[in-house]
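Structure record follows, encoded as structure tokens.
The values are calculated or read from the model by the stated rules, or taken from the named source; none is laboratory data. Small disclaimer: the values here were computed from a predicted structure and weren't measured. Please note: Cβ atoms are built from the backbone with ideal geometry, for glycine as well, and neighbour counts cover all protein chains shown.
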Amino acid sequence: MRTLLIACLGLCSLNAYANDLSSEQKIAVQQFIQHFKNNDVNAIVKLVDYPLERELPLPAIQNAQEMKQRFNQVFDAKLTQNIANSHINDWDQYGWRGISLSNNQTQNDVWLRDDDNDSTGKNLKIIAVNHSSAAEKKWRQQLLQQQKNKLHASLKTFQEPIYLFQTPNYLVRIDQLDAQTYRYASWKKSQNQSSKPDLLLKSTDFEVEGTARNEIVRFESGPYMYEVYRNRMGESSADILLTVFKNEVEVLHEEGMLIPH
């Protein structure tokens, strides 16, 4: 499973940065645990920071009503039990990334963070659930197959969908083919994904940038280099940027809008 929000949460080597919870945060986390002990769905759905992203191509959960409908898919019996049976010592703070549950049963499957990014614990929200239930896995495979059926024949084989976005002039799709290889497909904005791509490239040049954990993937074709920048932190910037260089000189720079897929 391609871990949800891995780019912004930086799950690799997080243990080196774990900090103790403040007394206020401990109280808030204990209340959170109690909601799961009581199976209080109404209370839990109010503690989610929406939209709650799910593994593509599963649609994000947009509000409390949708969360109620999909609650048992996200918080299946296994995860619910793990949270309900967790001890306060199983929860660690990782600075700006938030608070995570990590014990013998689960590793960083649930992330919490204060709304105000402080340590009071007064506005603790669920920002990510990296657990994938059997029901979600089954639904995801169905959606992936439906998606593949709509793609051009040259694009039907891939491991994971990564980005689908539209700029003022282009439609761009990026998929992960294997552990290290990514594929870039692009069309004119007026075309759709069932059409033969105007450009099809492969690359292993994938980079996670700085503490913000933004992502950069680069593809080369002769003198051209296509750079896709996924901005995961910073509300004032575009979600994704497409920049094209020719002989290292920038010839195109367009902001993109992510398309659910």
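Some notes on this structure:
- In this entry, residue 129 passes the filter for residues that are outside the structural domain of residue 240 (by TED's automatic domain parsing) and either buried (at least 20 other Cβ atoms within 10 Å of the Cβ) or without any contact (Cβ under 8 Å) to a residue 60 or more places away in the chain (or both).
- Tally, over the range 19-53, of residues that are outside any helix (DSSP H, G or I) and among the basic types (Lys, Arg): 1
- Any hit, the range 183-197, residues being under 18 Å from the mean Cα position of the chain (by Cα), under 29 Å from residue 62 (Cβ atoms), modelled with pLDDT of 95 or more and buried (at least 16 other Cβ atoms within 10 Å of the Cβ): no
- Within the range 75-101, residues that are over 25 Å from residue 137 (Cα atoms) have Cβ atoms under 9 Å from residues that are of a type in the set (Asp, Glu) in these pairs: 92/20; 93/20; 98/114; 99/92; 99/114, counting only partners at least 6 apart in sequence or on another chain.
- Filtering the range 54-74 to residues that are assigned to a helix (DSSP H, G or I) and within 22 Å of residue 141 (Cβ to Cβ) leaves 66, 69, 70, 71, 72, 73, 74.
- The range 147-163, residues that are at pLDDT below 95, under 27 Å from residue 232 (Cβ atoms) and not in a loop (DSSP other than H, G, I, E, B): 147, 148, 160, 161, 162, 163
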